Amino acid sequence: MNELNTSRHRKAARQVILLLAFAVTVSACAPTQIKTKPAASSIDMQDEFGFTITEEARISSDVRTDYDQAMNLLDQGQHEQGIKLLQELANQAPHLSAPLIDLGIAWHRAGNLEKAQESLLLAIETNPIHPIAYNELGILYRKAGRFAEARQSYQAALDIYPGYHYARRNLAVLCDLYLADLKCALENYEAYMATVPSDAEASMWIADIRLRMGQGEE
């Protein structure tokens, strides 16, 4: 049972971050120096399965260009260069969560879990209603054996957006394999399947948990 995260498929990760985390107002007339005040942030629930996070801030066109370049570098496997550019962007625009989230994902992929955690915590401090950041942080906590904190982090993502299937499945796996909380696992697997009914693997896990709970073929 593997966790679902936004780093498993780099192109998909880029789309998620661009659409959900970096929908900012770009102004070519804005000064190169970025304002340091927090960006205005909101989350729009489009339906039970979709959401959009918007951060409104005045940034220079160069910042958006550099962000795209950093993502392209990561897509091409040039992780060191991509991480360096994302770090520069995070320093220039500390009020935006998108570069910090992508930086956390990039550090995670590079195997530096400490740096990844640091970036994701900064992203949450910047934007406390970002479910992607909480989901990624939950994965880091799980890998570190900090299971209670992983549960809290996944739950925080779901409190913001209950239909976030990545976090829902991750919480189910955590409860099943690491916390031995079968009730929690079953509830979250079933909620996950309501969003992703085609996941045959999860369907088998549900049947297995029901057997272990003595529910048979209910």
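The values are calculated or read from the model by the stated rules, or taken from the named source; none is laboratory data. Note that the structure is predicted; figures quoted are calculated from it, not measured. With ideal geometry, Cβ positions are generated from the backbone for all residues, glycine too; neighbour counts draw on all protein chains shown.
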Looking for something part of a helix (DSSP H, G or I), under 18 Å from the mean Cα position of the chain (by Cα), at pLDDT 90 or above and under 25 Å from Glu149 (Cβ atoms) - is there at least one such residue anywhere in the range 90-97? no
Go through the range 67-87 and give me each residue that's assigned to a helix (DSSP H, G or I) and among the polar types (S, T, N, Q). Gln69, Asn72, Gln81, Gln87
If you go through the range 186-218, how many residues are in contact with a His (Cβ under 7 Å, 6 or more places away or on another chain) and aliphatic (A, V, I, L, M)? 1
Condition (residue is at pLDDT 95 or above, more than 15 Å from the chain's Cα centre (by Cα) and of a type in the set (A, V, I, L, M)) applied to the range 139-147: is it met by at least one residue? yes
